[in-house]
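**Q** Mind looking over this structure? Questions follow.
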Amino acid sequence: MNLEFSDDQKFVQKTARDFLAERSGLDACRRVLESPEVAFDAELWKGVAEMGWLGAAVPEDLGGAGLGYLELVLIAEEIGRALAPIPFGPSVYLATEALLHFGSADQKRRFLPRLASGDLVGTFALAEGTGDLATSAVQTRFENGRLRGEKLPVLDGGSAGLGVVVARAAGGPVLTLVDLAGPGVTRTPLQSFDPSRPQSRLAFDGAPAEALGPADATDAIRRLLDRAAVMAGFEQLGGATRVLEMTRDYALGRYAFGRPIASFQVIKHRFADLYAAIELARSNGYYAAWALSSGSDELELAACAFRAAASDAFELATREMIQIYGGVGFTWEYDCHLFYRRAKLLAAWLGTPSAWREMLIERLEAREAA
Amino acid sequence: MDFDDTPQEASFRARARAWLERNAKRRDPDAPGADPLREREDANALRDAKAWQTRKFDEGWACLTWPKEYGGQDLGRMEQVIWNQEEARFDTPANIYSIGHGMLAPTLMTHGTKAQKDRYVREMGRGQVVWCQLFSEPDAGSDLAGLRTSAVRRGDEWVLRGQKIWSTGAHYCDYGMIVTRSDPDAAKHAGLTYFIVDMHAPGIEVRPIRQINGASGFNEVFLNDVRVPDENRLGGVGDGWRVALTTLMNERVAIGAGAGSGRLRELFRLAREARIGGRPAIENHAVRQKLADFYIRTKGLQYTGYRTLSAVSRGATPGPEGSIGKAVGAPLGQEMASFAMELQGAMGALLDPDLAPQEALWQEAYLGAPGLRIAGGTDEILRNIIAERVLGLPPEMRVDKDRPFREIPVGRGAR
């Protein structure tokens, strides 16, 4: 057993951290958050594309960097740490992954190089306003090459060019590919809980679409979500760790009653508990990353456990952050609420912690029955 | 990043398993696991434990991380954990050597003279003699350095007087490692000296303490002018705190051996058997969420232990991060036991092993759980350690530093 990342992988992470520290400070996140007309930081997106991260897991002959998932999750962690205001998750963990795993040779050729270069932004649309992500609940229909129905909320739905849309067809739930700038698509911006990550309503009225993957994509969709959950989990881990560090630094510098508030035992113990929650999530994350990159069938359990743990840890961190910062933590001007919002957004996207916990039990029961 | 055994580890595991298959009986996976705090007190249990240890040691399967010159195999912690995992599948006597082999032997190997190491280490490994730890006192638990048992030098002997408490196994042990106050005029941490003590020496009186679960795993040990030769001193005079820290550091190496997962299996089984509203409890949403949460935290702890193990195997020293294992694990165990009892409804209030579900395993676990949150570093001390040594937060304000020990305030009723 060797639970270290390789030196090469650590180098990728360090490069990512340095790049984002320079190009994606918290002011970059705040700019997008405070500008409703700005969907994402286009300069940063271009820079990230040039670093090769958008195509990290895409084979080189399709325009990617040909790296692996261990590198990708470390990049994701840094993206999360920086609160990078770009459509990285939807485009990389979902749209690109969907094409990589379920695309025909032709579809891969048509879309992957453009996704990898950043010319095309992809997103994923599953939810339909009820909050329920069960594919059996999907009402949007795919018939005769056209989509009819409504998706909301869709992360980056307003700025993405390519939509991977889950719909209902004759054979069961399917994945479809839609040109979101094309005919039959109406996009309405929504008020995102985290305005640095915009969300939209997508209405399809006969929008031309092509099928992606199998006629019954129930399993395919589950696998896609499991994989994305691991990658998104690393963003949450990165965010949580940064919050812990910032809050620690704040508490060391803030004095009350003649000493740093970090020296009060209750505060120390809250920090210890937060540290423990993050470390446990991280450990679940390493297991999930291994399962993801090695193709182990442990992924179906690991993804659930990690996703729930990471969501809870990031949320806890952001609540503790504001509490420890005190009054100023509650101001718009301080950066605490950037993390507070992002944590909740990421926890809601792709399934809440309770949904993943339920999935975990269902899968454990299925294994027991087998 | 690889959670699978390396080829070397897999080969070791296979050999370990093969030896165990030839020398022990497989454990029934459906029988409830042993509760570590439940001490069996019959003489047969002790004899069986010693015989098993000697057999393992003589055949090269015990104390694997020890140097070969003392009967070990010079292997890494990873191999020891693999061995522990494999042995857990078999029905073997309870381990009475975790303190001796895990904490005291490393202390001896770090601070002992050659003569002391030659005299005691191999014999300790063979298991025919058992060692106990004499650290805590009625007035010195979390504040261990506040201990009062005195050691007064008389020629080439020391005379020890005082009282120790919570000494696991002292009632059947042959030797103990003790920290004493040799200079009450020095500051608290500066006047301590560490000794090896013969538990059969005149003046030592061992009194079992009854725990809330009815067992008597640990004891009070009274020292009434016990004479200890100077050659049994470990480390320099006044250097006892440094030696004690080595012992305590080894406590911190909380390496997961998958112990938690067994409890998960039993909890899930209980959830299938218990009823809520006429249906299996496991169909209840709140129960499912709770079970998932327990699974996630248990696995998180297990993999955190593996991370520490992996780092230590590659040469890192076990750090204070290891405190997470106990800080999270102990309260988690109590929560799981409490929840399990709740699933049993009214039957949860019974201790009859032939009536209470799963032979009252959870009731026993719940009775044992408070001890785990206190022993070996309380939940609170561990949080201080994590906050201070991992996160770099300021230490506690102390009112007893740099003063002669004699002058430090003590509470009402302190000796």
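**Q** Mind scanning B:LYS188/B:LYS326; B:LYS299/B:LYS326; A:LYS14/B:LYS299 and naming the pairs with a C-alpha gap bigger than 18 Å?
**A** Working: B:LYS188/B:LYS326 27 Å; B:LYS299/B:LYS326 14 Å; A:LYS14/B:LYS299 28 Å.
Distance filter (> 18 Å) returns B:LYS188/B:LYS326; A:LYS14/B:LYS299.
**Q** Give me the dipole magnitude in Debye, nearest 20, for the protein assembly as shown about the Cα centre, with unit charges on the beta carbon: positive for Lys and Arg, negative for Asp and Glu.
**A** 980 debye
**Q** Let me make sure I get this right: for region A:219-369, a, b and c are the square roots of the gyration tensor eigenvalues over alpha carbons, sorted descending. Under 1.5 in a/c it's rounded, otherwise prolate if a/b > b/c, else oblate. Which is it?
**A** Judged from the Cα gyration tensor, region A:219-369 comes out prolate (a/c at least 1.5, a/b above b/c).
**Q** Turning to a different aspect of this structure: For region B:329-336, take each phi angle, set θ = phi - 60°, evaluate the Karplus expression 6.51 cos²θ - 1.76 cosθ + 1.60, and give the result in whole Hz per residue in order, putting x for glycine and proline.
**A** x, 5, x, 4, x, 5, 4, 5
**Q** Considering only the other residues whose Cβ falls under 10 Å of the Cβ of A:VAL121, what net charge follows from Lys and Arg at +1 and Asp and Glu at -1?
**A** Working: positive: A:ARG114; negative: A:ASP119, A:ASP156.
With Lys, Arg at +1 and Asp, Glu at -1, the neighbours total -1.
**Q** Label 7 Å along Cα→Cβ of A:TYR334; region A:237-264 residues with amide nitrogen under 11 Å?
**A** Correct set: A:247, A:250-251, A:254.
**Q** Same structure again: Across the residues of A:261-272, average count of Cβ atoms on other protein chains within 10 Å? Provide the component values of the computation, followed by the final result.
**A** Working: counts 2, 5, 7, 4, 7, 0, 2, 12, 8, 2, 6, 16.
Across the residues of A:261-272, the mean count of other-chain Cβ atoms within 10 Å is 6.
**Q** Related question: Using modelled amide H (1.01 Å from N, peptide plane; none on Pro or chain starts), what sits under 5 Å from the amide H of A:GLY206, excluding residues fewer than 5 places away?
**A** Residues meeting the amide H criterion: A:LEU147, A:ARG148, A:GLY149.
**Q** Here's another thing I want to ask about it. Percent of Cα-Cα pairs per 10 Å bin, from 0 to the last occupied bin, for region A:7-117, please list those.
**A** Once binned at 10 Å, the Cα pair distances of region A:7-117 give 15, 46, 30, 9, 0.
**Q** Separate question: State whether region A:134-189 is rounded, prolate or oblate according to the following rule on the C-alpha gyration tensor (a ≥ b ≥ c being the square roots of its eigenvalues): a/c under 1.5 gives rounded; otherwise a/b larger than b/c gives prolate, and the remaining case gives oblate. Kindly include the intermediate steps, with their values, before the conclusion.
**A** Values: a/c = 2.07, a/b = 1.49, b/c = 1.39.
Cα axes put region A:134-189 in the prolate bin.
**Q** State the percent of C-alpha pairs, over all pairs in region A:283-346, separated by a distance greater than 16 angstrom. Could you put the intermediate results ahead of the total?
**A** On the way: 1099 of 2016 pairs.
Result: 55 percent of Cα pairs exceed 16 Å.
**Q** Based only on other Cβ atoms within 10 Å, what is the fewest-to-most ordering of A:SER354, B:SER313?
**A** Ranked by crowding around the Cβ, least crowded first: A:SER354, B:SER313.
**Q** Sort B:230-240, A:227-237, B:350-360 by packing, meaning the average of other beta carbons within 10 Å per residue, with the highest value first.
**A** A:227-237, B:230-240, B:350-360
**Q** So what's the angle, to the nearest 10 degrees on a 0 to 90 scale, between helix A:336-348 and the longest Cα principal axis of chain A?
**A** 40 degrees
**Q** Need one word for region B:107-224: rounded, prolate or oblate. Basis is the Cα gyration tensor (sqrt eigenvalues a ≥ b ≥ c); a/c below 1.5 gives rounded, then a/b vs b/c decides.
**A** Oblate.
**Q** Same structure again: If you look at just the Cα atoms of chain B, how large are its Rg and its Dmax in Å?
**A** Expressed in Å, the Cα Rg and Dmax of chain B come to 22.5, 76.
**Q** Okay, moving on. Let me check I've understood the local charge: for B:ALA170, count other residues with C-beta under 11 angstrom from its C-beta, Lys and Arg +1, Asp and Glu -1. What total comes out? Walk me through the numbers on the way to the answer.
**A** Numbers: positive: B:LYS164, B:ARG207; negative: B:ASP174, B:GLU205, B:GLU220.
Here the charged neighbours net out to -1.
**Q** Right, another one. Inverting the mean 1/r over all pairs of different Cα atoms, compute the Kirkwood radius of region B:358-415 and quote it in Å. Can you show the working numbers first?
**A** On the way: mean 1/r = 0.0664 Å⁻¹.
15.1 Å is the Kirkwood radius here.
**Q** Take the Cβ-Cβ distance between B:GLU335 and B:ARG89 as r, set R0 to 22 Å, and report the resulting FRET efficiency rounded to the nearest 0.05.
**A** Numbers: r = 27 Å, r/R0 = 1.22.
Efficiency, from the Cβ-Cβ distance: 0.25.
**Q** Per residue of B:157-166, what is the mean number of Cβ atoms on other protein chains within 10 angstrom of that residue's Cβ?
**A** 0
**Q** Okay, moving on. Report, as an integer, the average count of C-beta atoms from other chains found within 10 Å of each Cβ along B:265-278.
**A** Mean shielding by partner chains, rounded to a whole number: 1.
**Q** Which are the unpartnered cysteines of chain B, meaning those with no other cysteine Cβ under 4.7 Å from their Cβ?
**A** Taking the Cβ cut-off of 4.7 Å, the unpaired cysteines of chain B are B:CYS63.
**Q** Sort the following peptides by mean Cβ neighbour count (other Cβ atoms within 10 Å, averaged over residues), highest first: A:326-337, A:212-223. Working shown, then result.
**A** On the way: A:326-337: 14.2, A:212-223: 17.8.
Result, highest mean Cβ count within 10 Å first: A:212-223, A:326-337.
**Q** Now for a different question. Give the angle, between 0 and 90 degrees and rounded to the nearest 10, that separates the Cα long axis of helix A:105-117 from the longest principal axis of the Cα atoms of chain A.
**A** Computed tilt is about 30 degrees.
**Q** More than 39 angstrom separation, counting every C-alpha pair in chain A; what % is that?
**A** 13 percent
**Q** Same structure, new question: Express in % the proportion of alpha carbon pairs of the protein assembly as shown at distances exceeding 35 Å.
**A** 54 percent
Any read-out appearing in this document is the output of simple, stated calculations on the displayed coordinates, not a laboratory observation. Quick caveat: nothing in here was measured; it's all calculated off a predicted structure. Here Cβ is always computed from backbone atoms with ideal geometry, including for glycine, and neighbour counts include all displayed protein chains.
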